[in-house]
Amino acid sequence: MGKRRCGAAVVTVALALAVAPAGAAADEAYTGQAQVGPSRVGQAHTGDAAAPARPAVTVPVPAPTAAPEEFARLTPAVARQLDTAIRKVMTEAQVPGVIVSLSAPGKGTYVRTFGVADEATGMPMSAGLNMRIGSETKTFTVTAVLQLVDEGRVGLDDPIGKYVDGVPNGDRITLRDLAGMRSGLFNYSADEDFGKAFLADPGRTFTPQQLLAYSFEHPVLFEPGARFDYSNTNLILLGLVVEKVTGQRLGDYINREVVAAAGLKHTLFPVGAEFPRPHAQGYTDQTPSGKTANATDWNPSWGWAAGAMISNLSDLRSWARTVATGTLLKPATQAERLKALPSLPGAGYGLGIFNVQGWIGHNGSLPGYQSLTVHLPGPQATLVVLLNTDTDYRGSAPSTLFGKAITQIVTPDHVFSLPARPVTGH
């Protein structure tokens, strides 16, 4: 099922540490809500984003001592430019509603909401709503694995076969290969039978073993480590590693050892389809007919370790910095996470994390929702975008379109742009 997208690449996804204060005077902050018309149906992109083999090189990360001009001061004039750019993307991509937060120390804070959270009632989008974050879940799962690395309980170069039986090439695929999307294992959410089963009953619960079975019916795509290929299968296996080593359910472990440890109050790895209120309604065209449907209560168990989690704006602002700076990890382990090998043009992928023109983090996409949470180390800038549709516009994810439009204004030397999105949606 080519349309089933899991976090797309994006490149998407915390410790008792909040985002650094913006340091702006009251008149520098720009917040509010603006109404934009409802969305219309569009066709979802189904292309594969696998990249050919390339030399292993590290994508440079901006130094912490970046010059002030690397990030535009968020003055009222710049805020108006951002408003215009965001509205333009909303209109063109027919996005019902979007939440945007942008900040950097000494540069100001921009927090705005546009459009509606519920097309049926007209309820406006608001900054406090809970949202499904899809593939940003990967940043939490990989953080859990890296914490176990720090504790000496697993090794990045351990073969997955040490922990999970029956994995093709399991004696040679390492945990590093899985976290870096270089295992060669087929993406279960691109399997036609999986797609049919999911769309026949979006409320059903999938087990990790069922998801792996869809993948393992296919031959491996390439030798371990040979190239980048975004696959949710990798994260399902890493989730099973966490469970095997800790003896705990993955969601329980992440909620306590990652979410609570990061001081996050509104982030959750759900057991099933539960979705704490208040939340936005989510709209998707990933249906048998291609017509838009409300996917708010669809069961995200099919994404599990790759894309099942829920969060909100305030938590993701904090998590962006935590992931990018490695607060929950030892410095050497964080350095391993940030070794971003080439994946897509202009982007590198580390261990469960993207580096897109210097912006570090992940994006997420699953039926009804998309997200983007990234941090630019030089100016210590953080960008979070949350929206309630996953319908593509001319082959591009709306979250990427928002990211590009915003960064073209505030960081023209670091424009966030992904030329293609991996199939799978979280």
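Could you work out the percent of alpha carbon pairs in the stretch 26-410 separated by over 34 Å, rounded to a whole number?
When every Cα pair of the stretch 26-410 is considered, 23 percent fall beyond 34 Å.
Using label points projected 7 Å from each Cα along Cα→Cβ, tell me how many nm separate A197 and K265, to one decimal.
Going by the 7 Å Cα→Cβ label model, 4.0 nm.
Working out 0.36 nm times the residue gap between A273 and D150, then minus their Cα-Cα distance, what length gain in nm do you get to one decimal? Walk me through the intermediate numbers first.
Details: separation 123, 0.36 × 123 = 44.28 nm, distance 3.23 nm.
Going from the current span to full extension adds 41.1 nm.
Tell me, what is the FRET efficiency for Q210 and E92 to the nearest 0.05, using R0 = 30 angstrom and their Cβ-Cβ distance as r?
0.20
What is the total of Lys pairs in the stretch 26-410 with C-alpha atoms under 17 Å apart, excluding same-chain pairs fewer than 8 positions apart?
So the count works out to 5.
Would you work out the relative contact order for the stretch 26-410, in percent, from Cα pairs under 8 angstrom that are 6 or more residues apart?
Taking the mean separation of contacting Cα pairs over the length of the stretch 26-410, I get 27 percent.
Just how far, in whole angstrom, is the stretch 332-366 from the stretch 266-309 if you go by their alpha carbon centroids?
Taking the Cα centre of each part, the stretch 266-309 and the stretch 332-366 sit 25 Å apart.
Taking Rh as the Kirkwood radius computed over C-alpha pairs, what is the Stokes-Einstein D of the stretch 319-426 at 10 °C in a medium of viscosity 1.306 mPa s, expressed in µm² per second? Numbers along the way, then the final one.
Numbers: Rh = 14.1 Å.
Once the numbers are plugged in, D ends up at 113 µm²/s.
Among residues other than P398 whose Cβ falls under 9 Å from its Cβ, what is the net charge (Lys/Arg +1, Asp/Glu -1)?
Neighbour charge sum, excluding P398 itself: -2.
Order of 339-347, 84-92, 319-327 by packing, highest average Cβ count within 10 Å first?
So the peptides 339-347, 84-92, 319-327, ranked by packing, come out 319-327, 339-347, 84-92.
When ranked by the protection proxy of mean other Cβ atoms within 10 Å per residue, highest first, what sequence do the peptides 192-202, 128-138, 252-262 form?
128-138, 252-262, 192-202
Values in this text are rule-based calculations from the coordinates and carry no lab data. This one's a predicted model, so the numbers in the text were calculated from it and none came from an experiment. Heads up, the Cβs are rebuilt from the backbone with ideal geometry, glycines too, and the neighbour counts pull from every protein chain shown.
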